[in-house]
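A short worksheet on the structure shown next.
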Amino acid sequence: MQPRNSAVNIKMIDVSHHQKTIDWKKVVADGVRGVFIKATEGVGYTDPLFRTNVQGALAAGVKVGFYHYCRPETGNTAEKEAESFLAAVAGLQATLPHVLDAEGDAAKIGATKLTDWCHSWLETVEKRSGHSVMVYTGASFAKTYLGAKLAKWPLWVAHYGVNQPMENPIWQRWSVFQYTSSGKVSGIAGNVDMNEMDSTFWSELINPQKGDKPVNKQADDKTKEALTALQSAGAIQTPEYWIQNAYEGGTVRGDYAALLIQNMAKKLATTVPVPETPKPELPKPEPEKPVKQPKPWAEIEKLTKSASVHVDVGGGGTGVLLQGGLALTAQHVSKGRSIIRVKTSERNWMDAMLVAEHPVIGKDSVDLALYRIENPPKNLPYLPLATEPIASGQKLLTVEAEYTEWITRTGELCQVSTTREPWEFDCSVPVKSGNSGGAAVNEYGEVVGIFSNVVSVGIQKGSVREGVPGGEAVNLQHPVVAEWLNKHT
């Protein structure tokens, strides 16, 4: 895939209600020329600021497109979600394509079914609206879960912290590249996703050529055989992509021909001649992975107290410090504040700026809010996120950071996921209201969850099952939570 080129490409953002009120005149003054606006999610959910954002952007002269966050893992059909999206955007004019956002829990239905589902949604929206469509996804997600039948539509790819997104077997070029979720734009408080749109793609959208004759996208058998051979040689990734994007009326477009030559030259330059009589090499034994050892609970308690902070909002609550000066707590503790004050066990006060709140899933909230400490000290303590899967029976520890006292509580994980909210687990840690937002820490001193509620849980004692005080916590390893954390940490 091609690298970024901010000198040529178009500066863009994408927004939803999480950006709250936007001053679109300031956004334009900051050089933003296009925006993708969240319209819908699943079936029946429309972003509460969708039409407000569309009207504001259009009034300021920003080119707009609309996107739909898909939820096939819930059992929704592509047709129903397409109908929900089309109903929400009816009567609104968009210059940029309609976008299908495929990520997160959508992977649960598997690569083949997900590809078919996406294909159906894109075709339905494209045919019924008469408007162009495209795919949004993460670079790794595209490589793992999406198939070749989606190659005929343009790609909007997300890959943070790099100048050139990861390669995938479907698309050789991106049309839009989302390179960070922590961008800053005038007129928007807090972070916003930043994108570059390929300048050629932009020109085709803004100045479409009218009256062009239909282009023949059918290749003959010899051409297909040649493309298959080029794929085997590593010069191209899929024949289908080249037929749809490079092969026009029996000839290959010049820019794609140049790319093909470059790929072949690169392949030849890196090919190492195979000796005529190679000596057989014995397979090298794989190095043994070190076995992770549990820490003494006294040490875990000390580390957790150091990394737990009192959140001074309303009735107060607890948060936990993560690597990089981040502080994780519950949304109902921070109450949507853009800035909060936190206090460490050493009685040091710090201000923290909101990075992101986890979006709702359907109508249910994932009770997490992530903040960043302003000017964190170099020796600021923190706890790492867990790397091992959680399991029933695991011993857990948490700390309640009161205004003047840090209180330790322990218990066991009872239920890995709850029926109504599968991203939460139940445990017998006897938490109080002040534990809200605090960390559930495992035997390795790692954060596995964030406490969100006080509940009674059932535990087995001999032949008797009885209820004991406990708590619900957000499982930080659940895919919908882990992906959000990876995006913002």
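Remarks
- If you take the Cα centroid of region 60-84 and the Cα centroid of region 323-372, the two points sit 29 Å apart.
- Helix-derived mean residue ellipticity, 222 nm - over the chain, DSSP H n ≥ 4, -39500 (n - 2.57), to 500: -7500 deg cm²/dmol
- If R0 is 35 Å, the Cβ-Cβ spacing of HIS17 and ILE206 corresponds to a FRET efficiency of close to 0.80.
- For the listed residue pairs LYS63/LYS487; LYS113/LYS184; LYS80/LYS335; LYS108/LYS302; LYS20/LYS302, the alpha carbons are over 32 angstrom apart in LYS113/LYS184; LYS80/LYS335; LYS108/LYS302; LYS20/LYS302.
Just so you know, all these numbers are worked out from the coordinates, no wet-lab data involved. In this text, all values refer to a predicted model and were calculated from it rather than measured experimentally. Positions of Cβ are generated from backbone atoms using ideal geometry, with glycine treated the same way; all protein chains shown enter the neighbour counts.
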